[in-house]
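The values are calculated or read from the model by the stated rules, or taken from the named source; none is laboratory data. None of the values given here were measured: they were computed from a predicted structure. Cβ placement follows ideal geometry from the backbone for every residue including glycine, while neighbour counts extend to all protein chains displayed. Ligands, DNA and RNA are stripped out before the accessible areas are found, and what is left, the full protein with its side chains, is counted by its heavy atoms. Shrake-Rupley method; radii C 1.70, N 1.55, O 1.52, S 1.80 Å.
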Amino acid sequence: MKTREDIRNIAIIAHVDHGKTTLVNELLKQSDTLDEHINLEDRAMDTNPIERERGITILSKVTAVDYKDHKINILDTPGHADFGGEVERIMRMVDGVLLVVDAFEGTMPQTRFVLKKAMEQHLTPIVVINKIDRPGARPAEVVDEVLELFIELGADEDQLDFPVVYTSAVNGTSSMDPEVDTQTHTMDPVFDTILDTIPAPVDNSDEPLQFQVAMLDYNDYVGRIGIGRVFRGKIKIGDSVSVLKLDGTAKNYRVTKLFGFFGLKRIEVNEAKAGDLIAVSGMEDIFVGETVTPTDQQDRLPVLRIDAPTLQMT
Ligand code: GDP
């Protein structure tokens, strides 16, 4: 089986305030992600004004970091409540999770909730015990709590064998051993554990395209944006594709805009293939759960036209 060794797709999950945001920012800072990519202003896709207007974070759903010639796509998950299955949809796009747990607080209700979802999707877990700098931090006990939670949630043997990385995200330090090297400013143990443990996506880019929309976004310049993972095949600018709608109809489009993720930005790309996370615009009524395939696949589908469902922002 061919795999995309150059990519890892992971979700970061945690109870609120356990340090997800701080950790992702630190990973980005310490990665090899080219500054020119991060600073590359793509005005058409600059979501900052919208983000400000809405007062919510839509910018960092995917943070793409480069490390040792690999691209690690890190998907954020809601830390408080599950909005209409968003956590599940995000987890369908990834092959593993970083479970972040506060070294002082230990496992909390949301830790259980998100871990349960990850177990259900059979994702490969990495446990990150964060805030080991906190006075009263009790990393060994917290690892035991996490292990108990895994057992309670019915983890299989491979999942129970999770690696543990100890971090102080605020200080930018991490280590495989809470007693050793916790002062060294490095996130390499986190990066290396991701590359070593999380499965690389399957590379079946020779097969017909299958791109599934898992999240929607919106931008005044390009309109509706579908974000998701290419599960099979390739998609490129100029391709004729069909969107298989949830109502059983299909709608044809030509691919006019494709975006890949670089740092916190989305940049236009000409092509993407199996394993890549991408954003597409120009398919104006595309919806979560819909699949994009080559046009010729669509002939076999019954054509019945009913109104498109109303837009629900995710
Ligand atoms: P999130 O809700 O999981 O995204 O958590 P944040 O990253 O926003 O962090 C929540 C709070 O914990 C913030 O005040 C951070 O500064 C703090 N924090 C994050 N990581 C660490 C850490 O390693 N040590 C300490 N002491 N505080 C941290």
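Between Asp192 and Arg92, the modelled label-to-label distance comes to 3.7 nm, taking each label 7 Å out from Cα in the direction of the beta carbon. Leu160 contributes about 60 Å² of solvent-accessible surface, heavy atoms of the protein only, 1.4 Å probe. Calculated FRET efficiency, Lys2 to Glu120, Cβ-Cβ distance, R0 = 41 Å: about 0.90 to the nearest 0.05. Modelled label positions at Met176 and Asp247, each set 7 Å beyond Cα in the direction of Cβ, lie 5.5 nm from each other.
Write down the accessible area per residue of segment 75-200 in Å², having rolled a 1.4 Å probe over the full set of protein chains. Ligands and nucleic acids excluded, the result is 43 Å² per residue. Here segment 218-233 is scanned for amide nitrogen atoms under 20 Å from the site 7 Å beyond the Cα of Thr295 along Cα-to-Cβ, giving 233.
For segment 130-259, with all protein chains in place and a probe radius of 1.4 Å, 47% of the accessible heavy-atom surface sits on carbon or sulfur. The stretch between Arg112 and Thr256 holds 47.7 nm of extra length on full extension. This uses 0.36 nm per residue minus the Cα-Cα distance. Between the C-alpha center of segment 267-293 and that of segment 220-238 there is a gap of 2 Å. Radius of gyration (Cα atoms) of segment 195-264, expressed as a multiple of 2.2 N^0.38 Å: 1.27. Placing R0 at 25 angstrom, the Cβ-Cβ distance between Val16 and Ile151 gives a FRET efficiency of 0.55 after rounding to 0.05.
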